[in-house]
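The structure under discussion appears below in the form of structure tokens.
The values are calculated or read from the model by the stated rules, or taken from the named source; none is laboratory data. Predicted model only: the values in this text are computed from it and were never measured. In this analysis, Cβ positions are derived from the backbone assuming ideal geometry, glycine residues included, and neighbour counts consider all displayed protein chains. For accessibility, only protein heavy atoms count, side chains too; no ligands or nucleic acids. Shrake-Rupley method; radii C 1.70, N 1.55, O 1.52, S 1.80 Å.
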Amino acid sequence: MVTLVTGGTGTLGRELVPLLRSRDVETAVLSRSEHPEFRTGDLAAGSGISAALDGVDTVVHLAAGKNQETEARTLLAACEAAGVGHIVFISIAGIDDIPFPYYRAKLAAEKALLAGSVPVSVLRTTQFHSFAAAPFLAQKRLPVLLSPRLSIQPIDTRVVAEQLADLAGGDPRGRVPDLGGPEVLTGDDLARAVSTRYGWRKPILPVAIPGRTWAAFAAGHHLVPQNRSGGRTFAEYLAAQ
């Protein structure tokens, strides 16, 4: 049987697809664009999904388009019709408590899949290393480095891919324990790590961001300190870039 990966060409998909194949799992990738190595289908338009699921037993849903709930429902309906036995979904720690629009959309997609008739496994993780680095890299031309007053627990996508591959190869488990990165870092810790990696000598300026969303981040709802993964630290990730 075949495992189909949506979002297989994204940051996490590029780790997961070769890992599955290294485990001798017949793996297909769903793509909106026609390509000889991919199965063509568009979750947003709802086209081509039924054909893409031919022979598929397990779907690992990584894609996150503009309307995550609608796309999840489209995928679920097609999986129900095709007799798919297992959907594995990647989600985010803290989405119940953080009113960030992307998180709200992710939560709606998660709930839609869990309410369906196809058995589901859901893995929530903390933010990937690349996400944690991006706000600081975007400031490379500024005279100072703004550091938000909150903590992040960045996780290695290779570790996440391993967890997803394990889930895809096993029985459906519903929502599994949330997984966090190996260390919890403050905004200043992240800023210093980025500065060290790129040789920046500009001052670091801590900033407090107003609003309910950032208050929820500052409260640590997105952290999983009780379940830390292995894998690369944030500094080790930066060193590899």
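Listed by chain and number, the aspartates and glutamates placed with their C-alpha closer than 19 angstrom to that of Lys106 are Asp42, Glu69, Glu71, Asp96, Asp97, Asp178; residues fewer than eight positions away on the same chain are left out.
Please say if segment 94-152 is rounded, prolate or oblate, where rounded means a/c under 1.5 for a ≥ b ≥ c the square roots of the C-alpha gyration tensor eigenvalues, and otherwise the choice is prolate for a/b larger than b/c and oblate otherwise? Let's see the in-between values first.
Values: a/c = 3.42, a/b = 2.86, b/c = 1.20.
Cα axes put segment 94-152 in the prolate bin.
Ligands, DNA and RNA excluded, the heavy atoms of His86 present near 10 Å² of accessible surface to a 1.4 Å solvent probe.
Report the antiparallel proportion of the DSSP beta bridges in segment 1-149 as a percent, rounded to a multiple of 5.
Working: 1 of 22 bridges.
Just about 5 percent of them are antiparallel.
Once you sort the root eigenvalues of the Cα gyration tensor of segment 135-180 as a ≥ b ≥ c, which label holds: rounded (a/c under 1.5), prolate (a/b larger than b/c) or oblate (the other case)? In terms of gyration-tensor shape, prolate. Between segment 115-149 and segment 35-73, what is the C-alpha centre distance in whole Å? Each part's Cα centre sits 24 Å from the other's.
Going from most exposed to least, what order do Trp214, Trp200 have by accessible area with a 1.4 Å probe? Please report the intermediate quantities before stating the final value.
Numbers: Trp214 95, Trp200 55 Å².
Highest to lowest solvent-accessible surface, that is Trp214, Trp200.
Could you please report the charge total around Tyr237, scoring K, R as +1 and D, E as -1 over all other residues with beta-carbon less than 12 angstrom from its beta-carbon?
Values: positive: Arg158, Arg197, Arg232; negative: Asp156, Glu183, Glu236.
Here the charged neighbours net out to 0.
Sort Arg173, Arg212 by heavy-atom solvent-accessible area, probe 1.4 angstrom, most to least. Walk me through the intermediate numbers first.
Numbers: Arg173 145, Arg212 175 Å².
Most to least solvent-accessible, the answer reads Arg212, Arg173.
If you rank Glu37, Glu110 by how much accessible surface each has, with a 1.4 Å probe, what is the order from largest down? Provide the component values of the computation, followed by the final result.
Values: Glu37 135, Glu110 10 Å².
These residues rank, largest area first, as Glu37, Glu110.
Which of the three applies to segment 3-240, rounded, prolate or oblate, going by the alpha-carbon gyration tensor with a ≥ b ≥ c and a/c under 1.5 meaning rounded?
Working: a/c = 2.02, a/b = 1.80, b/c = 1.13.
Prolate, because a/c is 1.5 or more and a/b exceeds b/c.
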